[in-house]
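Here's the structure, in structure tokens; my notes come after.
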Amino acid sequence: MISDEQLNAYRLSGERIRVVRDALESNDVNGIVVAWDATHVMVRKRNRKIVKLDRSYSYRPFEEPREAEAGDGEGSNE
């Protein structure tokens with residue numbers, strides 16, 4: 001779970017983050033941290049919609065390359 005200090009640093013800097021929810025990149029949420037509590041984080045997306053996400057997800061700077069989750073079994077099946 002992400003710490004309060006790290007969330008506050010993201011909020012103060014206004015840095016875009018990537019929230020990795022599962023093995024599919026299309027399910028990632030990109031945006032800016034606006035608020036949080038003990039169990040949830042609120043992120044503003046580029047289209048100005050606010051989404052409420054669980055704190056157990058992986059929160060990373062958007063500029064960092066997305067890392068595949070270990071054991072996700074994803075690959076090219078062509």
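Just so it is clear, none of the values below were taken in a lab; they were calculated from the coordinates. Source: prediction; values computed, not measured. Every residue, glycine as well, gets a Cβ built from its backbone with ideal geometry; the counts of neighbours run over all protein chains shown.
Computed from label points 7 Å out along Cα-Cβ, the spacing between Ser26 and Glu63 is 3.0 nm. Size descriptor for the chain, Kirkwood hydrodynamic radius: 13.2 Å (Cα pairs only, one decimal). Exposure proxy for Val29, Val43, Val51: other Cβ atoms within 10 Å of each Cβ, ordered fewest to most, give Val51, Val29, Val43. Within the listed set Ile50, Ile32, Ile17, the Gaussian network model of the chain (springs between alpha-carbon atoms below 10 Å) gives the highest mean-square fluctuation for Ile50. Largest mean-square fluctuation among Asp37, Asp22, Asp54, in a Gaussian network model of the chain whose springs join Cα atoms under 10 Å apart, belongs to Asp37.
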